[in-house]
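J.: First the structure, which I've put down as C-alpha cells, then a few questions once you've had a look.
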Amino acid sequence: MSDTARRIGRLIPLAVAAAAGLLQASGASAQDASCKAVFNAIRLQAKTPNHQYFTISGAEPDSNAQTNEMINTGSARFVLVNGKWQSEPESPREMLKREEKNFKNSNTICRVLREEPVDGTPATVFVEQSQTGPISSVGLIWIANSSGLPVREQINTDAGTGPAGKRHLEIRIVYTGVQAPVTSNAR
C-alpha cells in the first residue's frame, strides 16, 4: 500500500470517528437525543452501501487539497488512491466496532443546529465537538430526515501538533447505484 493510501486510510476513520464520537459522549450529552440520532445515523451508514466523496485539506500554507473516494458495500470498504481502487483491510462492521471502543474514551457534546436541505433532500444539521486524547474535532453532519442517513459532513480535526496536525474534511455521501469497484488488491 502506498504512503498516500496509508494517509487516506488514517484520515477516513478519523472522519468517521469525529462524526460518530457523539454517541459515546460523557456526561449528560451521552443521553441527549441529538447524540443518539447522530450515532444511529452513523451505524446505519456502516450497514448501508454508500459512495463517499472526500476533500481533505491541511492548515499548512503549501498544503494542497486532496480529493478521494470511498465505497462501502455494506460488507467491504474500498478507497480510491492515485486513480486505483484498493480494498480496505477492515470491513465496515469491524471498523464500526473498533470506533465504538474509541468513542468510549472521548468527551463529546452535540446539538441540533438547523434544518438545511442537501441536493433537495430535507436534512437536520448537527454540530459536534469531540476530544479523544490529543485529537480534537469540530464537525457538522447533515442527516436526511426521510432515511436517517448522513448525506454530508464537514469536519475540522486537530492532532495538537501545530499546523501539520490540522485537517479539514468535506464529505458528500451518495446511497444510490453503489457497487464494489474493480480493485488492484482484491480481498
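J.: Listed residues E88, E99; which is under 30 Å from G162 (Cβ atoms), buried (at least 17 other Cβ atoms within 10 Å of the Cβ) and touching a Lys or Arg at 6+ places or on another chain (Cβ under 6 Å)?
T.: Details: E99 fails: touching a Lys or Arg at 6+ places or on another chain (Cβ under 6 Å).
On inspection, the qualifying residue turns out to be E88.
J.: Within the set of pairs 6 or more residues apart or between chains, which connect a residue that is over 22 Å from R98 (Cα atoms) inside the range 40-65 to a residue that is acidic (D, E) and modelled with pLDDT of 90 or more with Cβ atoms less than 7 Å apart?
T.: Note: pairs meeting the criteria are Y53/E69; T55/E170.
J.: Taking the options G139, G148, name whichever one is surrounded by 17 or more Cβ atoms within 10 Å (Cβ to Cβ), within 16 Å of the chain's Cα centre (by Cα), under 27 Å from A33 (Cβ atoms) and touching a residue at least 12 places away in the same chain (Cβ under 8 Å).
T.: Details: G148 fails: surrounded by 17 or more Cβ atoms within 10 Å (Cβ to Cβ).
Of the residues listed, the single one that is surrounded by 17 or more Cβ atoms within 10 Å (Cβ to Cβ), within 16 Å of the chain's Cα centre (by Cα), under 27 Å from A33 (Cβ atoms) and touching a residue at least 12 places away in the same chain (Cβ under 8 Å) is G139.
J.: Could you check the range 45-76 and list, in sequence order, the residues that are surrounded by 16 or more Cβ atoms within 10 Å (Cβ to Cβ) and among the β-branched types (V, I, T)?
T.: T48, I56, I71, T73
J.: Any idea how many residues of the range 35-74 are under 16 Å from G177 (Cα atoms) and of a type outside the set (D, E)? Spell out how you get there, then give the answer.
T.: Step one: of the range 35-74, the residues under 16 Å from G177 (Cα atoms) are 45, 47-53, 69-74.
Those still in the list that are of a type outside the set (D, E) too: 45, 47-53, 70-74.
Of the residues in that region, 13 qualify.
The values are calculated or read from the model by the stated rules, or taken from the named source; none is laboratory data. If you're wondering where the values come from, they're calculated on a predicted model, not measured in any experiment. As a convention, Cβ positions derive from the backbone with ideal geometry for all residues, glycine included, and neighbour counts pool all protein chains shown.
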